[in-house]
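As structure tokens, the structure follows; a few thoughts come after it.
The values are calculated or read from the model by the stated rules, or taken from the named source; none is laboratory data. Everything numeric in this text was worked out from a predicted model, so none of it was measured. Glycine gets a Cβ as well: all are built from the backbone with ideal geometry, and neighbour counts include every protein chain shown. Areas reflect the complete protein model, heavy atoms only, side chains present, ligands, DNA and RNA absent. Shrake-Rupley method; radii C 1.70, N 1.55, O 1.52, S 1.80 Å.
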Amino acid sequence: MKIEQQLTTRIIEAVQALYDFRITEKEVALQKTKKEFEGHLTLVTFPLLRASRRKPEETAADIGRWLTENTSLLAGYNVVKGFLNLTIAEAEWIDLLSEIDADAHYGFKKAGADAPLVMIEYSSPNTNKPLHLGHVRNNLLGWSIAQIAEASGNRVVKTNIVNDRGIHICKSMLAWLKYGHGETPESSGKKGDHLIGDYYVAFDKHYRAEVAELCRRFAAEGLGEEEAQARAERESPLMQEARAMLVKWEQGDEEVRALWHRMNEWVYAGFDETYKALGVSFDKIYYESETYLEGREKVEEGLQKGIFYRREDGSVWADLTAEGLDEKLLLRSDGTSVYMTQDIGTAKLRFRDYPIDKMVYVVGNEQNYHFQVLSILLDKLGFEWGKSLVHFSYGMVELPNGKMKSREGTVVDADDLVAEMIRSARAVADEAGKFDDMSEEEKQEVARIVGMGALKYFLLKVDARKNMLFNPAESIDFNGNTGPFIQYTYARIRSLLRKAEAAGIVLPERLESGIGLSTKEEEIIQHVADFAAVVEAAGKDYSPSAVAAYCYDLVKEYNQFYHDFSILREEDERRRAFRLVLSRNVAKVVRLGMSLLGIEMPERM
């Protein structure tokens, strides 16, 4: 914020002039004045007492007088114990608003060629099922973190690692061979990821029935319940077939690989549709079918260097007891890799492709231990960013009826959720009469923007570290802390500006001071100006929820102003122009803030 920067500089000068003592910017503790006191900014004088060698109240009074006599920044000041409350002069607020108005991307830093390169991984889908509500939260968090990182002055690469190999993939493939009768996305009219997901559920259904039948047979032979269950799962012909298919895949069997390629292409086409609907994308996609071999090579390299060790059964392990952890398996006795090995391989490819300064993994909190271990292993293997990798650990999305289970087909499907949110937005808007003067095409587009805005805001406004309960009905509300409430305020301001333009009101390039600003108007300028600091802090903390909270607070402040003050009907031309420019910049900053959450803003609602 320009005013805070100016004040900080002048306070340093004041301390030097008054006490012949040089202080640093870090020692200047400025904060917003509490609402019960007069002023805009408050200087905490206690860090300055070693310079003044005077009482807190005396120090505050000294600095207040010096600032008033030597700068034009203040309209007044007051001292409350060791706190110096500063009232900023109106001309400073007008100048600040004019500068913000001239900056189309206020609050955003442009990344230079030498800016840090941050790679952000999110999504990480399995190719045996469509994306669900948990994936939606992951994708929206990843996308938003990437936008915030870029707005904070970083170069950003958005990546996805697709889990396209393993027993779960073979289950869907085997079920399609057995029960599919050649069904395709074209013949069924289903998206490819949905079609494959259906066969994953079908496998589980047949497998459960098979295990139940085997359990009854083994129980009749005299086995106990637990022993019968374990034997049934072990000897299930269906599961044995799936494992045999995985072995063939590992061996490069042409027929199995051809089927795998064909079904994965169906899934990728389906994923692309969902990503487009969510408004997310990637700069680079990696595939576990490629990275696991790289990981195996890297582990073998670590074995040769003595970083890892091999047990008698041939398995390879990392001993992390010195780091306070346990021993971690990296290669099984048959030479096959585990997830950790695949992540090491993916890291190798990423470091080869990009000069990464920081790596951010957007993955749920159930993987906290995994990434703690991965960080240590990558550092041991020589990856420069290994020790400083960031695991953006977020909580799970829960439903009123419990957790989601893919294999049982009880997930909230991402595509169904998107469609339902858009339908709900349309129904609520129609009922409220908000779409009465729009064409059908415009109604559909606004419903899409509002429905997706409601979904994204609901999922991103919550502190990501917490588990959350998803309630679609709460998100589609034009009042309260919701996406539609913020979007409606934006549309209201855009309508106001169109009316001003239609009335022939021409706004000046530079606002004049001497208008006589109200406290509320000064507060809104201060709030708008805070956006730059909010973006910077959100970038450091990886916090979309901080941006969401800022946007909500700003529109609340503006709506109160809109209710209490005349804008178009204001007779004083200078005051009317100021209020229109203020409104224009509230809309601009809200649009920029919501864009960091991946939320579009409608021109009309």
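Residues of the stretch 297-354 that are touching a strand residue (DSSP E or B) at 6+ places or on another chain (Cβ under 8 Å), under 16 Å from Arg165 (Cβ atoms) and among the hydroxyl-bearing types (Ser, Thr, Tyr): Ser337, Thr341, Thr346.
Could you list, in sequence order, all residues of the stretch 99-129 that are buried (at least 19 other Cβ atoms within 10 Å of the Cβ), over 18 Å from Phe282 (Cα atoms) and at pLDDT 95 or above? Walk me through how you get there before you give the answer.
Initially, the stretch 99-129 is screened for residues buried (at least 19 other Cβ atoms within 10 Å of the Cβ), giving 100-101, 107-108, 118-129.
From what's left, over 18 Å from Phe282 (Cα atoms): 100-101, 107-108, 128-129.
Within the stretch 99-129, Ile100, Asp101, Gly107, Phe108 qualify.
Residue check: is Ser495 of a type outside the set (Asp, Glu) and at pLDDT below 95? Let's see the steps before the verdict.
Details: of a type outside the set (Asp, Glu): yes; at pLDDT below 95: no.
No; evaluated as a whole, the condition is false for this residue.
Arg465 - would you say it is open to solvent by 20 Å² or more (accessible area, probe 1.4 Å), of a type outside the set (Phe, Trp, Tyr), in a loop (DSSP other than H, G, I, E, B) and touching a helix residue (DSSP H, G or I) at 6+ places or on another chain (Cβ under 8 Å)? When the stated conditions are applied, Arg465 passes them.
Would you call Thr341 modelled with pLDDT under 95, buried (at least 21 other Cβ atoms within 10 Å of the Cβ) and of a type outside the set (Gly, Ala, Ser)? If you could, list the steps in order and put the result at the bottom.
Working: modelled with pLDDT under 95: yes; buried (at least 21 other Cβ atoms within 10 Å of the Cβ): yes; of a type outside the set (Gly, Ala, Ser): yes.
The answer is yes for Thr341.
Contact annotation: residue pairs with Cβ atoms under 8 Å, 6 or more positions apart or on different chains, pairing a residue in the stretch 77-104 that is farther than 18 Å from Gly516 by Cα and acidic (Asp, Glu) with a partner that is open to solvent by less than 10 Å² (accessible area, probe 1.4 Å) and in a helix (DSSP H, G or I), are Asp101/Val581; Asp101/Asn585.
Within the stretch 535-558, being farther than 14 Å from Ser144 by Cα, touching a helix residue (DSSP H, G or I) at 6+ places or on another chain (Cβ under 6 Å) and either open to solvent by 30 Å² or more (accessible area, probe 1.4 Å) or among the hydrophobic types (A, V, I, L, M, F, W, C) (or both) holds for Cys551, Leu554, Val555, Glu557.
The rows are residues; the columns are (1) under 30 Å from Ala473 (Cβ atoms); (2) out of contact with any Cys (no Cβ under 9 Å at 6 or more places or on another chain); (3) part of a loop (DSSP other than H, G, I, E, B); (4) at pLDDT 95 or above.
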site	(1), (2), (3), (4)
Ser333	no, yes, yes, no
Tyr361	no, yes, no, yes
Gln372	no, yes, no, yes
Gly386	no, yes, yes, no
Lys405	yes, yes, yes, no
Glu408	yes, yes, yes, no
Val411	yes, yes, yes, no
Ala425	yes, yes, no, no
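Every residue in the stretch 486-522 that is open to solvent by less than 60 Å² (accessible area, probe 1.4 Å), touching a residue at least 60 places away in the same chain (Cβ under 8 Å) and of a type in the set (D, E, K, R), please.
Going residue by residue through the stretch 486-522, those that are open to solvent by less than 60 Å² (accessible area, probe 1.4 Å) are 486-487, 489-491, 493, 495-497, 500, 504-505, 507-508, 511, 513-518, 520-522.
Narrowing further to those that are touching a residue at least 60 places away in the same chain (Cβ under 8 Å): 486-487, 489-491, 493, 495-497, 500, 505, 507-508, 511, 513-517, 521-522.
Passing the criteria: Glu521, Glu522.
Of the candidates Ser172, Ser187, Ser144, Ser123, the single residue that is part of a loop (DSSP other than H, G, I, E, B) and either in contact with a Lys or Arg (Cβ under 6 Å, 6 or more places away or on another chain) or of a type in the set (S, T, N, Q) (or both) is Ser123.
So which residues in the stretch 468-485 are in contact with a strand residue (DSSP E or B) (Cβ under 8 Å, 6 or more places away or on another chain) and either under 18 Å from Phe435 (Cβ atoms) or surrounded by fewer than 18 Cβ atoms within 10 Å (Cβ to Cβ) (or both)? If the condition is that a residue be in contact with a strand residue (DSSP E or B) (Cβ under 8 Å, 6 or more places away or on another chain) and either under 18 Å from Phe435 (Cβ atoms) or surrounded by fewer than 18 Cβ atoms within 10 Å (Cβ to Cβ) (or both), then Met468, Leu469 are the ones that fit. If I filter the stretch 155-174 for residues that are surrounded by fewer than 24 Cβ atoms within 10 Å (Cβ to Cβ), farther than 18 Å from Tyr286 by Cα and among the basic types (Lys, Arg), do I get at least one hit? Yes, because at least one residue in the stretch 155-174 is surrounded by fewer than 24 Cβ atoms within 10 Å (Cβ to Cβ), farther than 18 Å from Tyr286 by Cα and among the basic types (Lys, Arg).
The set of residues in the stretch 302-325 being without any contact (Cβ under 8 Å) to a residue 40 or more places away in the chain, under 26 Å from Glu384 (Cβ atoms) and in a loop (DSSP other than H, G, I, E, B) consists of Lys305, Gly306, Phe308, Gly324. Take Glu241 and decide whether it is assigned to a helix (DSSP H, G or I), surrounded by fewer than 13 Cβ atoms within 10 Å (Cβ to Cβ) and acidic (Asp, Glu). Answer is no for this residue.
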